[in-house]
Amino acid sequence: MITSYISHSECMLHDMGPWHPESPHRISSINQQLERSGLFQELMHYNARAVTEEQVYRVHPQAHVRSLELSQPDEGETLVQIDDDTLIGPKTMHAATLAAGAVVRGTEQILKNQADNVFCAVRPPGHHAERVESMGFCFLNNVAIGVEHARQNFGIKRVAIVDFDVHHGNGTVDIFKNDPDVLVCSSFQHPFYPWRFADSEWDNIINTPLNSGCNSLEFRKKVEDSWLPALQIHRPEMIFISAGFDAHKDDPMGEVNLTEEDFYWVTKLIMDVAGTYCNNRVVSVLEGGYDLSSLAHSAHKHIEALKGL
Ligand SMILES: [Zn+2]
């Protein structure tokens, strides 16, 4: 597989403080692990380009984005709090436009046949960002912006979004909950943050709740039983992954006990579906993962699977 790796050093300029787990070091720890293992050189590397306003406004209303921009402090001023643990700083929206722009660029590479699949090593993450509410370390919904780009610029009709972050992708559900062309499959610890949208009230939303303490075997069985039939019926033309690695057993936030091998396994499962229905088209986007070592090793296994190794 030709795997494209899209990132940008300026995604690291968004900094919510030295105590904050969603830190710039998350990106550098993944890069270092890929370099150590030699996998870095086997990927095609691209810089993210900033998303355009038009691309963002397909998902988030202009007034909401304006209010985020207006709340940004100037350089040297105190960070502004959006929710209990989400802070906006002078470079936050710049990093957010690069994170969303990476997904747009990755989407184009796939649909122009310039790569088989893509991993976007970006932050801030996106899956908690609802249409008109930023929360849970997320400002713009990166994956949703990519999905709309595929649909509106390339005529893709049926899309699947697969989200294995330990937290439920409430933002993605909010954006696509009444859209039968977008299937959202999400596994998450339950009951747990974000405490909303965890009931499957919509036919296109496949919620796969996991108990605290859930292990590899339970995770794999639940994913196979709930996601595969839905994906087979949906027959997606393209698949996006919200790749959060905070369901790892060493992660300080979640209480789910997955290992790197489970992220490899679930990636292979998604790639099998992509191979069957959509010519391997997969765009994967970093979401959570807060223990730097397990994040780096899990992302490494995920990318190894994307590469077909
Ligand atoms: Zn998470």
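Among residues of region 1-42 being assigned to a helix (DSSP H, G or I) and small (Gly, Ala, Ser), the one that is nearest to residue 112 (Cα to Cα) is 9. Residue check: residue 141 meets all listed conditions (1) closer than 17 Å to residue 105 by Cβ; (2) out of contact with any His (no Cβ under 8 Å at 6 or more places or on another chain); (3) not charged (D, E, K, R) but one, namely (2). Mind checking which residues of region 148-172 are touching a residue at least 60 places away in the same chain (Cβ under 8 Å) and more than 30 Å from residue 214 (Cα to Cα)? Hits for region 148-172 are 148, 149, 150, 152, 156, 157, 158.
Taking strands (runs of 3 or more DSSP E) that do not extend beyond region 120-224, which have at least 1 residues that are under 28 Å from residue 40 (Cβ atoms) and within 16 Å of the ligand (Cβ to nearest atom)? Counting at least 1 such residues, we get 159-163. Taking (1) out of contact with any Lys or Arg (no Cβ under 6 Å at 6 or more places or on another chain); (2) surrounded by fewer than 20 Cβ atoms within 10 Å (Cβ to Cβ); (3) within 20 Å of residue 192 (Cα to Cα) in turn, residue 293 satisfies each apart from (3). Answer yes or no as to whether residue 98 is under 26 Å from residue 18 (Cα atoms), in contact with a strand residue (DSSP E or B) (Cβ under 6 Å, 6 or more places away or on another chain) and more than 16 Å from the ligand (Cβ to nearest atom). For residue 98, the condition - under 26 Å from residue 18 (Cα atoms), in contact with a strand residue (DSSP E or B) (Cβ under 6 Å, 6 or more places away or on another chain) and more than 16 Å from the ligand (Cβ to nearest atom) - is not met.
Across region 259-309, the number of residues qualifying as more than 17 Å from residue 7 (Cα to Cα) and of a type in the set (Val, Ile, Thr) comes to 6.
Matching residues to (1) assigned to a helix (DSSP H, G or I); (2) among the aliphatic types (A, V, I, L, M):
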site	(1), (2)
246	no, no
256	no, yes
262	yes, no
267	yes, no
271	yes, yes
284	no, no
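Matching residues to (1) of a type in the set (A, V, I, L, M, F, W, C); (2) within 14 Å of residue 58 (Cα to Cα); (3) buried (at least 24 other Cβ atoms within 10 Å of the Cβ):
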site	(1), (2), (3)
139	yes, no, yes
146	no, yes, yes
157	no, no, no
176	yes, yes, yes
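Please determine, by comparing only the residues of region 225-244 that are in a strand (DSSP E or B) and away from the ligand (no atom under 14 Å from the Cβ), which one is surrounded by the most Cβ atoms within 10 Å (Cβ to Cβ). Among residues in region 225-244 that are in a strand (DSSP E or B) and away from the ligand (no atom under 14 Å from the Cβ), the one surrounded by the most Cβ atoms within 10 Å (Cβ to Cβ) is 240.
Scan region 274-287 and tell me whether some residue there is within 12 Å of the ligand (Cβ to nearest atom), buried (at least 19 other Cβ atoms within 10 Å of the Cβ) and modelled with pLDDT of 95 or more. It would help to see each step written out before you state the result.
Residues of region 274-287 within 12 Å of the ligand (Cβ to nearest atom): 286-287.
Restricting the remaining residues to those that are buried (at least 19 other Cβ atoms within 10 Å of the Cβ) gives 286-287.
Those still in the list that are modelled with pLDDT of 95 or more too: 286-287.
Yes, that holds for at least one residue.
The values are calculated or read from the model by the stated rules, or taken from the named source; none is laboratory data. Please read all numbers here as calculations on a predicted model, not as lab measurements. Every residue, glycine among them, receives a Cβ derived from its backbone with ideal geometry; neighbour counts consider all protein chains shown.
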